[in-house]
Structure formats: structure tokens, C-alpha cells
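J.: My questions will all concern the structure given below.
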């Protein structure tokens with residue numbers, strides 16, 4: 001989801017299998033799974049193509065992720081003992097170092113881990129799997145995000161953590177909602193800057 005392969009790029013089962021040193025079957029299975037979440041378009045007897053970013057799919061992902069993470073945030077608060085809060089603080093420190101080093105990939109890894117830890121604290125770690133199935137469309141936007149996107153996200157994570165540590169359910173939910181929905185407010189600017197990556201669908 002890092003846009004290493006841009007929208008429109010063509011993929012070959014045989015070439016990918018050769019590069020990875022595996023048979024074509026696992027590659028075919030992976031292509032199928034990616035097509036099910038609309039990240040690849042498989043054309044039988046023709047090339048498999050990386051799909052353009054769909055604004056509709058991004059908004060749907062934001063909706064689903066917000067609905068799920070609002071509930072996991074709510075459920076996590078009673079379970080946030082000293083150890084769990086310490087784990088979240090450690091992830092925030094790693095995020096801070098990644099921002100300082102301009103390590104975008106590292107930041108996104110610790111960003112995801114922060115959200116997973118909240119799901120786990122809620123007693124619903126499996127929900128993260130459901131979230132991952134939808135957030136791939138958001139991840140593509142993350143790698144196109146405007147300057148200092150990681151810095152903004154870190155500030156939001158710090159505010160979420162403060163509300164969680166204070167056992168302020170309403171405040172934590174409000175901060176989480178704003179955090180997850182911020183990307184929606186940036187979509188038009190990102191699409192204008194990277195029009196070649198997007199589907200030609202109406203706003």
C-alpha cells in the first residue's frame with residue numbers, strides 16, 4: 001500500500017513469481033485477494049493492473065474504520081492499566097523519533113501498532129484484521145499525504161493518549177474521530193497534487 005507500484009502499473013504472475021522465487025499459485029492467490037479489496041484489476045488473458053485510487057473507496061474506508069475504532073476506544077479505557085499505558089507511551093516515543101528522522105515508513109508502522117494496541121486493550125484484537133481489510137485504501141493516501149502528515153498524526157496520537165490516560169471517554173472518542181476523519185478533509189488537496197493516481201470519478 002506504499003504506492004511503490006503506481007496506479008496503472010501492469011503486473012505479471014510469472015514475473016512476480018520469478019522475482020520472489022516461488023511458484024505462480026501463491027502469487028495468483030495474492031492477486032486474487034488484492035482484487036477482492038479493489039487494489040488490483042485482473043483481466044483474464046491480459047495484464048493485471050494496479051487500480052487507481054478511488055475517492056469513494058477511501059470515504060467508505062474512513063466510515064468503516066471510524067465506526068470500529070470508536071467502539072474499540074470506548075471498550076479499551078477500563079482496561080488501560082499502567083503496563084498498557086506504558087506500551088502506548090513507548091510507541092509514541094518511537095513515532096516521535098521516526099518523525100525527527102523523516103522515517104515515514106517507520107512512522108506508519110508504529111502508527112498502526114498504536115491503533116492495534118488500543119484494539120487489543122479493548123479485548124478485540126481480531127477487529128484489527130477487519131480494519132486492515134478496509135484501511136488499505138486509506139494507506140495509499142497516507143503515502144501521498146501533504147507535508148508533515150506524520151507530524152500532525154503524532155500530535156493527534158498524543159492528544160488521544162492524554163484523554164485515554166485521563167479515562168476521559170468523551171474526550172478520547174472526540175480526538176479519535178477527528179484523527180481518523182482528518183484524511184477526508186485533505187483528499188481534494190491530495191488529489192489535485194497527484195491527479196495521475198486517482199480514478200476519474202466525480203467528487
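J.: Can you name every residue in the stretch 9-37 that is within 18 Å of the chain's Cα centre (by Cα) and without any contact (Cβ under 8 Å) to a residue 60 or more places away in the chain?
T.: Start the filter on the stretch 9-37 by keeping residues that are within 18 Å of the chain's Cα centre (by Cα), which leaves 33-37.
Those that are within 18 Å of the chain's Cα centre (by Cα) and without any contact (Cβ under 8 Å) to a residue 60 or more places away in the chain: 33, 34, 35, 36.
J.: Okay, next question. Is one or more of the residues making up the stretch 194-202 closer than 22 Å to residue 113 by Cα and touching a helix residue (DSSP H, G or I) at 6+ places or on another chain (Cβ under 9 Å)?
T.: Looking through the stretch 194-202, none of the residues is closer than 22 Å to residue 113 by Cα and touching a helix residue (DSSP H, G or I) at 6+ places or on another chain (Cβ under 9 Å).
J.: What number of residues in the stretch 141-188 are surrounded by fewer than 16 Cβ atoms within 10 Å (Cβ to Cβ), more than 23 Å from residue 98 (Cα to Cα), under 17 Å from the mean Cα position of the chain (by Cα) and in contact (Cβ under 8 Å) with a residue 12 or more places away in the chain?
T.: 1
J.: I'd like the full set of residues that are surrounded by 11 or more Cβ atoms within 10 Å (Cβ to Cβ) and either touching a residue at least 40 places away in the same chain (Cβ under 8 Å) or part of a loop (DSSP other than H, G, I, E, B) (or both), limited to the stretch 38-51.
T.: 38, 39, 42, 47, 49, 50, 51
J.: At least 1 residues that are closer than 21 Å to residue 107 by Cα, touching a strand residue (DSSP E or B) at 6+ places or on another chain (Cβ under 6 Å) and not assigned by TED's automatic domain parsing to the domain that holds residue 33 in each: list the helices (runs of 4 or more DSSP H) lying fully within the stretch 118-203 that qualify. If you could, list the steps in order and put the result at the bottom.
T.: Numbers: elements: 127-142, 149-165, 169-193.
The helices (runs of 4 or more DSSP H) meeting that bar are 127-142.
J.: Only residues that are within 19 Å of residue 64 (Cβ to Cβ) and surrounded by 19 or more Cβ atoms within 10 Å (Cβ to Cβ): list them for the stretch 121-133, please.
T.: Let us first name the residues in the stretch 121-133 that are within 19 Å of residue 64 (Cβ to Cβ), namely 122, 124-133.
Correct list: 122, 127, 128, 131.
J.: Same structure, new question: Report the residue count in the stretch 71-86 for those that are exposed (fewer than 15 other Cβ atoms within 10 Å of the Cβ) and part of a loop (DSSP other than H, G, I, E, B).
T.: Of the residues in that region, 1 qualify.
J.: While we're here: Taking the stretch 9-25 as the search range and keeping residues that are touching a helix residue (DSSP H, G or I) at 6+ places or on another chain (Cβ under 8 Å) and exposed (fewer than 14 other Cβ atoms within 10 Å of the Cβ), which one is farthest from residue 141 (Cα to Cα)?
T.: 23
The values are calculated or read from the model by the stated rules, or taken from the named source; none is laboratory data. Small disclaimer: the values here were computed from a predicted structure and weren't measured. We place every Cβ from the backbone using ideal geometry, glycine too, and count neighbours over all the protein chains shown.
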